[in-house]
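For reference, the structure discussed in these notes is given below.
The values are calculated or read from the model by the stated rules, or taken from the named source; none is laboratory data. All of these numbers come straight from a predicted model, not from anything done at the bench. Cβ sites come from the backbone with ideal geometry, for glycine too, and all protein chains shown count toward neighbours.
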Amino acid sequence: MIRHGILLAAIATFAALAPAGAVQAAEPGAPALKPAATVMGEIVRIGDLVENAGAVADIAIFRAPDLGETGSVPVARVLDAVRGHHLVGLDTRGLAEVTVTRAARAITAKDVQMRILRALAGKYGLPDSENLAVVFDNDVRTIEVEPTATGELSVVRLAFEPRAMRFDVTFELPGSAVARRLPLHFTGAVTETFEAVVPLREIAQGQMLKATDLAIERRPKAEVTSSTLTTFAQAQGFAAKHTLRPGAVIRQTDVAKPELVGRNENVTIVYEVPGILLTMAGKALDPGALGDSISVTNAQSKRTIQATVIGPGRVRVGTADPRLAANVAP
């Protein structure tokens with residue numbers, strides 16, 4: 001069996017190939033080594049590794065890797081294995097080794113989860129499978145089985161406790177000799193899920209949230225609170241208060257409006273009422289995000305007023321109150 005990327009010994013020993021001088025550049029229809037091959041069973045045959053192998057294509061020469069694994073064999077060993085089979089003009093194509101992959105069907109934790117949900121959804125008072133998630137008691141590793149075992153996991157036994165939302169299920173996989181030797185027994189719990197906004201990539205502190213950097217995913221009830229962002233609109237215009245990890249649920253406490261004015265920053269004060277527009281220099285006494293009301297000192301009059309942040313380094317005062325207008329004016 002091929003293990004750790006190395007093909008083990010050939011199944012049989014063969015007579016000598018033609019002299020080295022007989023191996024020439026391949027002509028159309030001449031035998032040639034393949035750089036890689038995928039085999040379905042436990043045996044590697046000459047035809048798996050050599051194109052145009054002709055009558056000797058079905059002769060077994062190596063054992064295949066384990067299901068789903070890939071191994072390699074030096075070209076010199078391939079040549080040794082096919083000696084005596086008169087593959088005249090075998091072209092090695094300058095290869096140093098040939099890789100061999102054993103085909104397999106992978107049954108992942110996601111496959112097991114979906115099968116459990118299909119077995120439970122709509123029963124015991126549970127909602128549809130789209131609104132449920134599975135939490136296993138133990139890690140579920142990917143299982144490699146024969147590629148010919150194309151059926152779905154079949155429930156042999158299923159127990160469910162509605163109050164605790166716990167399941168105990170045993171499966172079988174029809175047509176798979178490998179699966180019959182495995183304990184396809186899983187325990188865990190199911191939980192309702194709700195939509196939540198999560199980052200698709202790491203978002204640095206202070207970086208604005210963009211729809212292209214976010215996704216809406218369904219998450220277990222335990223991960224979702226009243227402060228969880230559930231729509232892109234709720235994230236629009238906000239920046240990360242700290243680094244946000246990919247896939248982590250975003251809550252209101254994780255974001256804030258970006259600061260457009262810093263404390264003690266020089267700002268432009270805009271005073272606007274119908275028919276009048278004035279701008280003057282000032283200094284912000286407070287930091288502020290878009291729409292925040294902050295204290296600002298008029299640089300000329302030294303009076304302190306309340307103004308609304310309208311952009312980076314800009315605040316606005318707009319009122320018909322003549323007393324406030326007097327404070328704003330130089």
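Is it the case, given these coordinates, that VAL190 is closer than 17 Å to ASP111 by Cβ, touching a helix residue (DSSP H, G or I) at 6+ places or on another chain (Cβ under 9 Å), at pLDDT 95 or above and in a strand (DSSP E or B)?
Values: closer than 17 Å to ASP111 by Cβ: yes; touching a helix residue (DSSP H, G or I) at 6+ places or on another chain (Cβ under 9 Å): yes; at pLDDT 95 or above: no; in a strand (DSSP E or B): yes.
No; evaluated as a whole, the condition is false for this residue.
What are the residue pairs meeting all of these: first residue in the range 57-75, first residue within 12 Å of VAL44 (Cβ to Cβ) and in contact (Cβ under 8 Å) with a residue 60 or more places away in the chain, second residue assigned to a loop (DSSP other than H, G, I, E, B) and acidic (Asp, Glu), Cβ atoms under 8 Å, and 6 or more apart or on different chains?
ARG63/GLU42; ALA64/GLU42
Specify which of the listed residues (VAL156, VAL190) is aliphatic (A, V, I, L, M) and more than 19 Å from ALA133 (Cα to Cα).
Just one listed residue meets the conditions, VAL156.
So, in the range 152-173, how many residues would count as being part of a loop (DSSP other than H, G, I, E, B) and over 30 Å from the mean Cα position of the chain (by Cα)? Don't jump to the end; show me each part of the working.
Let us first name the residues in the range 152-173 that are part of a loop (DSSP other than H, G, I, E, B), namely 152-153, 162-165, 173.
Imposing the further condition that a residue be over 30 Å from the mean Cα position of the chain (by Cα) reduces the set to 162-164.
Residues flagged as part of a loop (DSSP other than H, G, I, E, B) and over 30 Å from the mean Cα position of the chain (by Cα) within the range 152-173 amount to 3.
Between a residue in the range 281-302 that is of a type in the set (Asp, Glu) and any residue that is assigned to a strand (DSSP E or B), which pairs come within a Cβ distance under 7 Å, given they are 6 or more apart or on different chains?
From the range 281-302, the pairs are ASP286/ILE294; ASP286/SER295; ASP292/VAL309.
Restricting to the range 204-220, what's the tally of residues that are buried (at least 16 other Cβ atoms within 10 Å of the Cβ) and more than 16 Å from the chain's Cα centre (by Cα)? Break it down into steps so the answer makes sense when it comes.
The first filter runs over the range 204-220 and keeps only residues buried (at least 16 other Cβ atoms within 10 Å of the Cβ), leaving 209, 213-214, 219-220.
Narrowing further to those that are more than 16 Å from the chain's Cα centre (by Cα): 209, 220.
Residues meeting the conditions: 2.
Restricting the range 237-257 to residues that are in contact with a Ser or Thr (Cβ under 8 Å, 6 or more places away or on another chain) and of a type outside the set (Ser, Thr, Tyr), which is surrounded by the most Cβ atoms within 10 Å (Cβ to Cβ)?
Taking the range 237-257 and keeping what is in contact with a Ser or Thr (Cβ under 8 Å, 6 or more places away or on another chain), we get 241, 249-253.
Checking which are of a type outside the set (Ser, Thr, Tyr) leaves us with 241, 249-252.
Working: LYS241: 13, VAL249: 21, ILE250: 23, ARG251: 16, GLN252: 15.
Top of the filtered list is ILE250.
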